[in-house]
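Participant: The following block contains the structure, expressed as structure tokens.
The values are calculated or read from the model by the stated rules, or taken from the named source; none is laboratory data. In this text, all values refer to a predicted model and were calculated from it rather than measured experimentally. Please note: Cβ atoms are built from the backbone with ideal geometry, for glycine as well, and neighbour counts cover all protein chains shown. Remember, those area values only see protein heavy atoms, side chains included, never the ligands or the DNA or RNA. Shrake-Rupley method; radii C 1.70, N 1.55, O 1.52, S 1.80 Å.
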There are 2 protein chains.
Amino acid sequence: MPTMTAAQRRARAKEEYDAFLAACPSRQLLGRISDKWVALTIAALHDGGTLRYSELARRLAGVSQKMLTQTLRSLERDGLVTRTVTPTVPVTVEYTLTPLGASLQDLMLGIKGWAETHMSEVHAARERYDAIR
Amino acid sequence: MPTMTAAQRRARAKEEYDAFLAACPSRQLLGRISDKWVALTIAALHDGGTLRYSELARRLAGVSQKMLTQTLRSLERDGLVTRTVTPTVPVTVEYTLTPLGASLQDLMLGIKGWAETHMSEVHAARERYDAIR
DNA sequence: GGTGTCTACTCTCTATTGGAAAGTTACCAC
DNA sequence: GTGGTAACTTTCCAATAGAGAGTAGACACC
């Protein structure tokens with residue numbers, strides 16, 4: 001077996017997976033990461049920062065505990081964040097991005113930023129649309 | 001009223017909107033664009049290409065007609081795509097990205113690409129996780 | 001004039017998911 | 001034993017996603 005560089009492996013991966021195909025595992029992964037809570041969680045955890053559960057809950061204003069826990073669990077399972085329990089009293093649980101998670105950071109910050117910078121244009125488009133239909 | 005450059009207006013917009021806040025309109029917009037069908041639709045429509053409804057349905061394998069119509073309607077309303085009806089028999093309906101939609105293209109292609117290139121790493125992480133828990 | 005075809009929907013029904021709120025566990029201080 | 005705290009977990013209901021069948025309008029064929 002010849003050794004491949006990381007770049008070669010990545011190029012190979014892109015040929016093997018195609019999210020346009022319904023049965024491709026990358027379609028399911030796309031569905032998982034195309035989620036506002038995933039975007040906000042990764043955005044909040046940017047720059048290798050570590051946040052506690054309660055800090056994340058405060059940052060992602062309005063998230064339910066159930067959703068936050070669910071999102072963090074799936075990110076942990078997918079290897080995007082690490083979960084560290086410190087046996088203080090009461091326990092503290094900290095979350096940090098893994099290198100894999102960090103590779104998504106820029107895209108997630110980009111999407112959050114896009115929503116913020118283009119909000120007014122979208123709003124204007126909606127007014128125009130609603131005036132006509 | 002002093003005139004602002006586009007860059008100034010964009011900078012201003014980023015200060016005014018913050019998707020971390022539950023009540024901010026950009027939070028709702030973030031939720032709308034963090035959607036696998038939105039990502040795939042915009043990815044399929046890349047490079048100013050125009051696609052018919054049936055071509056999109058074929059490209060986004062497995063999408064239900066209801067979901068596709070719903071997604072296209074919301075993209076149209078938000079000013080991201082234009083819908084053009086040509087009165088042939090039967091009618092043909094074509095969809096194209098607007099400049100606003102095109103500004104999301106790279107991010108959407110990026111997310112789709114991320115899912116494809118990192119699928120194997122995520123898969124490996126899941127195996128590790130499931131072996132332990 | 002009845003039957004069939006085509007595209008782009010639209011409607012209906014059921015399964016899954018999301019959010020709100022209350023409950024749980026574990027430990028310690030008083 | 002009462003209260004407080006962090007990080008969940010559970011329950012319930014409303015909203016949404018997906019599967020599948022049905023519709024409209026203009027033909028073309030027989």
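Participant: Can you name the residue in the stretch A:56-74 that is within 25 Å of residue B:129 (Cα to Cα) and open to solvent by 70 Å² or more (accessible area, probe 1.4 Å) and, of all such residues, is farthest from DNA strand C (Cβ to nearest atom)?
Facilitator: The extreme case among them is A:73.
Participant: Are any residues in the stretch B:56-71 in a loop (DSSP other than H, G, I, E, B) and within 18 Å of residue B:93 (Cβ to Cβ), and if so, which ones?
Facilitator: Once the filter is applied, which keeps residues that are in a loop (DSSP other than H, G, I, E, B) and within 18 Å of residue B:93 (Cβ to Cβ), the stretch B:56-71 yields B:60, B:63, B:64.
Participant: State the number of residues belonging to the stretch B:8-33 that are more than 7 Å from chain A (Cβ to nearest Cβ), at pLDDT 90 or above, farther than 17 Å from residue B:73 by Cβ and open to solvent by 30 Å² or more (accessible area, probe 1.4 Å).
Facilitator: Total satisfying the criteria: 1.
Participant: Sticking with this one: Within the stretch A:34-55, track down each residue that is assigned to a helix (DSSP H, G or I), within 15 Å of DNA strand C (Cβ to nearest atom) and either open to solvent by less than 10 Å² (accessible area, probe 1.4 Å) or closer than 26 Å to residue B:40 by Cα (or both).
Facilitator: Of everything in the stretch A:34-55, those that are assigned to a helix (DSSP H, G or I), within 15 Å of DNA strand C (Cβ to nearest atom) and either open to solvent by less than 10 Å² (accessible area, probe 1.4 Å) or closer than 26 Å to residue B:40 by Cα (or both) turn out to be A:36, A:37, A:38, A:39, A:40, A:41.
Participant: Just to be sure before I move on: is residue B:106 among the charged types (D, E, K, R) and more than 8 Å from chain A (Cβ to nearest Cβ) in the structure I sent?
Facilitator: Taking the combined requirement at face value, the residue satisfies it.
Participant: Out of B:125, B:44, B:39, B:61, report the one residue that is at the interface with chain A (Cβ under 8 Å from one of its Cβ atoms) and in contact with a strand residue (DSSP E or B) (Cβ under 9 Å, 6 or more places away or on another chain). Steps first, answer last, please.
Facilitator: On the way: B:125 fails: in contact with a strand residue (DSSP E or B) (Cβ under 9 Å, 6 or more places away or on another chain); B:39 fails: in contact with a strand residue (DSSP E or B) (Cβ under 9 Å, 6 or more places away or on another chain); B:61 fails: in contact with a strand residue (DSSP E or B) (Cβ under 9 Å, 6 or more places away or on another chain).
Answer to the check: B:44.
Participant: Let me ask something additional. Among the residues of the stretch B:84-95, is any open to solvent by less than 20 Å² (accessible area, probe 1.4 Å), away from every other protein chain (no Cβ under 12 Å), touching a helix residue (DSSP H, G or I) at 6+ places or on another chain (Cβ under 8 Å) and in a helix (DSSP H, G or I)?
Facilitator: No, because not a single residue in the stretch B:84-95 is open to solvent by less than 20 Å² (accessible area, probe 1.4 Å), away from every other protein chain (no Cβ under 12 Å), touching a helix residue (DSSP H, G or I) at 6+ places or on another chain (Cβ under 8 Å) and in a helix (DSSP H, G or I).
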